[in-house]
Amino acid sequence: MRILFLHEHFYPETVGTSTRAVEIVEYLVKRGHDVTVVTGLPCHPSTMRNGEVSRDQPREEMFRGARIHRVWTFGSPKPDKFWRRMLTYSSFMILGGLKALRVRGPFDALVAISPLPNGISGLIVSKIRRFPLMFDVCDIWPDCAVAVDMLTNPLLVRMAFWIEKKIYSRARRVGVVTRGFTENLAAKGVPREKIALLPDWVDPETYDSSRVNREAVRAEYGFGEKFVVSFLGNFGLLMGLETIMETARVAKGRAPGVLFLFVGKGAALPMMEEKIAEWGLDNVRIIPYQPRDKVPGLLAASDALIVTYKKTPITRITVPSKIYEYMASERPIVAGVDGVIGEILAEAGCGLASPARDPEEMAGHILKLQSDPELRREMGRKGRAYVASHFSFERVSADYESAITQTAKPAANP
């Protein structure tokens, strides 16, 4: 097949949706497909803040067998504000869409990867050039924007939901990353037979803790004899990290040997620093993003891993990719969550959850794991086995290729 991808984030960016797109494109090329990607210059807010890659990228190049076309896209290292995010999305929606209208075809399928503005471009390109459309939904928009008060104007909210409905109606296939997304779309009237579950994936070999010199990593970061409970990733506003800070406050008096480690950066950082100072949390340590190749070692050097989400309708159906990395690293998980994440942890038997996000309960879970090494090992083993069975790249990539194949079939398909 000849396949056209449309997404503003791609190599050399390393954010989650970029990595997802790069790995799928590589897989499809290896499978013999002819792949073209229309993308933007590096522009993700975290990329711009960290300065990890240059925006001085070639506008056209071959990358691992795929043709890459880059267009200018707005990006800024300044704090992530609504209008800056909208400038990024709209600049790629317009310029990326125009480029997709001009690239040499024809194509058997067009794959647009969320957010919603990319779906708008995909909708227009699909109609004008008559390429069947698959919309890969990694974030439910506009629900996410409404949940974090990024989108509040009632008229704009109604318009966004109307556009979303039009895109789903035009697309022959809609990929979703969690089973909760399937239910969300089905409730909006999208036929279930049109929806393909294409979750994020993990390479279990990359996160094989048995290959890590755990003691060396702990010495490198000065963990000593502490029981390390780690959170790695974006300090986003939806993550509910105030719950972990409250848990650390409770644990300070009940479990003096516990260290809460945060690795990353994000909008919640000022709140976290304020709580550390206000409550004297000497059991909390924050370090910036580490090179990607250090992440498996940091997970292996931890004794337990922690995740929280604010209690909103959208977080009930969301699963961050870090969960699969946590599970693959063979470490137990303490979670302040409900919904799909809680279901996965329960099915796998790899964690202890507090659906109420109760700091006292979460501190109790940590104390239980601290006192029971065998329970930690058992949960770790179960998590790794589950993720290898359900979220391996081999399984998801084959399903992704199948979804594109279904998209490319004659219009008798939904």
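For this structure, a couple of remarks:
- Among beta bridges identified by DSSP and lying wholly in the chain, the antiparallel ones come to about 10 percent.
- Relative intensity, log₁₀ I(q)/I(0), of the range 209-390 from a Debye sum that treats every alpha carbon as a point, q = 0.08 Å⁻¹: -0.21
- Its relative contact order, with pairs defined as Cα atoms under 8 Å and 6+ residues apart, puts the chain at 13 percent.
- Surrounding net charge for T17, when Lys and Arg each add one and Asp and Glu each subtract one, Cβ distance under 10 Å: -4
- 3J(HN,Hα) along the range 232-249, derived from phi through the Karplus expression 6.51 cos²θ - 1.76 cosθ + 1.60 where θ = phi - 60°, amounts to 10, x, 6, 8, x, 5, 7, 6, x, 5, 4, 5, 5, 4, 5, 5, 5, 5 Hz, with x in place of Gly and Pro.
- For G351, residues with placed amide H under 5 Å, excluding near neighbours: I333
- In order along the range 372-387, phi translates into HN-Hα couplings of 9, x, 5, 5, 4, 5, 5, 5, x, 4, 5, x, 5, 5, 5, 5 Hz, rounded to whole numbers, per the Karplus curve 6.51 cos²θ - 1.76 cosθ + 1.60 with θ = phi - 60° and x for Gly and Pro.
- Here is the result for the range 112-192: no chymotrypsin sites (Phe, Trp or Tyr not before Pro) lie in DSSP coil with at most 10 other C-beta atoms within 10 angstrom of their C-beta.
- The Cα center of the range 52-73 and the Cα center of the range 245-311 differ in position by 36 Å.
- Distance between the range 86-107 and the range 335-414 - C-alpha centres, whole angstrom: 35 Å
- Of the GluC sites (Glu not before Pro) found in the range 141-235, those in coil by DSSP whose Cβ has at most 13 other Cβ atoms within 10 Å are E205, E225.
- Share of pairwise Cα separations in the chain, more than 35 Å, in percent: 28 percent
- Amide H contacts of V37: F5, R67, I68, H69, each under 5 Å away and 5 or more positions distant or on a separate chain (H built 1.01 Å from N in the peptide plane; Pro and chain starts excluded).
- Taking a sphere under 12 Å around the Cβ of F161 and counting the other residues whose Cβ falls inside, with K and R at +1 and D and E at -1, yields a net charge of +2.
- Amide H contacts under 5 Å for G336: V307, T308, Y309, S354, restricted to partners 5 or more places along the chain or on a different chain, H placed in the peptide plane at 1.01 Å from N.
Read the figures in this text as sums done on the coordinates, not as results from a lab. Please read all numbers here as calculations on a predicted model, not as lab measurements. Reconstructed Cβ throughout: ideal geometry from the backbone, glycine too, with neighbour counts over all protein chains shown.
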